[in-house]
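Following: one structure in structure tokens, then a few remarks.
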Amino acid sequence: MTTKRTFTMIKPDAVNNGHTGNVINDILAGGFKIIAMKYLQLTKEQAENFYGVHRERPFFNDLVTFMISGPIVAAILEKENAVEDFRTLIGATNPENAAEGTIRRKYAKSIDANAIHGSDSNENAAIESNFFFSSFERF
Ligand code: CMP
């Protein structure tokens, strides 16, 4: 994984509300290339592992329950400065604080149902990509 890549998930709220196409358009318009993509529903165990770093946080159980409530779209994205630029594109974690025009501002309803995930570091981008995609699926 190079510093040119990040990992994203379009979350169950955005998928259920029919925003998948618009979110993908925003990602492409933001200059990101989609390297890998899959549509799936997480099991409880997978969601608990993916968000393991938050296990002790008070919102952990609600987060896991929400993340397994419907299908998600997982993807690896490529662009110069991918991690930072993608976090700018999606906006603040709480959509109330997200800048105008960002994906969360446009499509998210709450801090839990916040439409999309973006890796917060190059290291986590690699870990999260490997969680969803094997080397056989990547190019
Ligand atoms: P995400 O970027 O996917 O990483 C962890 C998620 O936990 C976050 O988006 C939010 O959807 C959710 N969450 C719920 N409450 C909080 C909180 N108080 N602080 C940070 N994340 C929260």
Q: Any chance you could run the full-extension gain for E96 through S69? It's 0.36 nm times the residue separation minus the Cα-Cα distance, nm to one decimal.
A: 7.5 nm
Q) For labels at D112 and M37 in the simple 7 Å Cα→Cβ model, what's the distance in nm? A) 2.8
Q. Ranking L28, L89 by Cβ neighbours within 10 Å, fewest first, what do you get?
A. L28, L89
Q: Return the long-range amide H neighbours of I116 (sequence gap of 5 or more, or a different chain), with a cut-off of under 5 Å between placed amide H atoms.
A: K11
Q) Any idea how far apart I24 and E137 come out in nm if each label point goes 7 Å out from Cα toward Cβ? A) 1.5
Q) So if we plug the beta-carbon distance of T88 and N130 into 1/(1 + (r/R0)^6) with R0 = 30 Å, what FRET efficiency do we get, rounded to 0.05? A) 0.80
Q: Kindly write out, for segment 116-126 in residue order, the coupling ³J(HN,Hα) from the Karplus curve 6.51 cos²θ - 1.76 cosθ + 1.60 (θ = phi - 60°), rounded to whole Hz, with x marking Gly and Pro.
A: 7, 10, x, 4, 9, 7, 4, 4, 5, 4, 5
Q.
Loop only by DSSP, 15 or fewer other Cβ within 10 Å of the Cβ. Give me the GluC sites (Glu not before Pro) in segment 110-139 that pass, ordered by residue number.
A. E137
Q) Once the Cα gyration tensor of segment 5-133 is found, what semi-axes does its equivalent ellipsoid get, as square roots of 5 times the eigenvalues, in whole Å, sorted largest first? A) 20, 17, 14
Q | the chain, helix-only ellipticity at 222 nm - DSSP H runs n ≥ 4, -39,500 (n - 2.57), divided by all residues, nearest 500 | A | -10500 deg cm²/dmol
Q. Taking the Cα atoms of segment 1-41, what is the range of coordinates along each of the three principal axes, in descending order and whole Å?
A. 32, 23, 12
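Only the coordinates and a few stated rules stand behind these numbers; no lab work does. Just so you know, these numbers come straight off a predicted model, no measurement behind them. Neighbour counts run over all protein chains shown; Cβ positions are idealised from the backbone, glycine included.
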